[in-house]
1. Where both partners of a DSSP beta bridge lie in the chain, what percent of those bridges are antiparallel, to the nearest 5?
2. So what's the convex hull volume per residue for the Cα atoms of region 112-205, in Å³?
3. Sort 53, 1, 108, 82 so the one with the fewest other Cβ atoms within 10 Å of its own Cβ comes first.
4. Grab the Cα-Cα distance for residue 128 and residue 55, subtract it from 0.36 nm times how many residues apart they are, and report the gain in nm with one decimal.
5. At residue 205 and residue 114, where each label point lies 7 Å from the Cα along Cα→Cβ, what is the point-to-point distance in nanometres?
6. Helix-derived [θ] at 222 nm for the chain: sum -39500 (n - 2.57) over DSSP H runs of at least 4, divide by residue count, nearest 500?
7. Arranged by the count of other C-beta atoms within 10 angstrom, fewest first, what order do 201, 121 take?
8. Working out 0.36 nm times the residue gap between residue 21 and residue 1, then minus their Cα-Cα distance, what length gain in nm do you get to one decimal?
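Rule-based calculations on the coordinates, nothing more; no lab input. Quantities reported herein were computed from a predicted structural model and do not represent experimental measurements. We place every Cβ from the backbone using ideal geometry, glycine too, and count neighbours over all the protein chains shown.
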């Protein structure tokens, strides 16, 4: 069963609907003590890094998420959810993240006078093969809405990039953790295919 973490800062309805459309059993989880009942876990997110981390901490999610990851089970972060995996974010002042992926989250400064936030459809460029992208065509557009971007300390954690006045990290992968800066649940058939790959993934590469 897929568990979607409810900490008061996520677009739960659209993510849940996407999995239900795939015929996958899914449940909204607001109790960290129940985390290990799920085979796969999703951390969605909208809003600011600092606010989201405060809510995760208030609801005692960080230790439960770390325990889940230590079990080797698949964890997916979507948009802000992926950003929260990192050590630190600078939005509204520096604040600590979950520390699952070494690196920082910083404001975007695109060239060519492009607007921030980055909103709309844009193309992914896969850097290496991964079970979540297996059989999925490269150079396909996905839907983005964000002003901040992830800067991993280890380039091997970068699964895919996107070009918006310069390349930024669009997807990361580290052991049994994957993250997507874009919204697969809003990216029509291409995004749904990635979510289906996630449900079939055992957390190993």
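1. Working: 25 of 42 bridges.
Around 60 percent of the beta bridges assigned by DSSP in the chain are antiparallel ones.
2. Values: hull volume 8.6 nm³, N = 94.
Value for region 112-205: 91 Å³ per residue.
3. Details: 53 24, 1 12, 108 17, 82 27.
Placing the least packed residue first, the sequence is 1, 108, 53, 82.
4. Numbers: separation 73, 0.36 × 73 = 26.28 nm, distance 3.41 nm.
Using 0.36 nm per residue and subtracting the Cα-Cα distance, I get 22.9 nm.
5. Placing both labels 7 Å along Cα→Cβ, they lie 2.4 nm apart.
6. On the way: 5 runs with 46 residues, N = 205.
Result for the chain: -6500 deg cm²/dmol, rounded to the nearest 500.
7. On the way: 201 19, 121 13.
Least to most surrounded, the residues fall as 121, 201.
8. Values: separation 20, 0.36 × 20 = 7.20 nm, distance 1.44 nm.
Gain on stretching residue 21 to residue 1: 5.8 nm.
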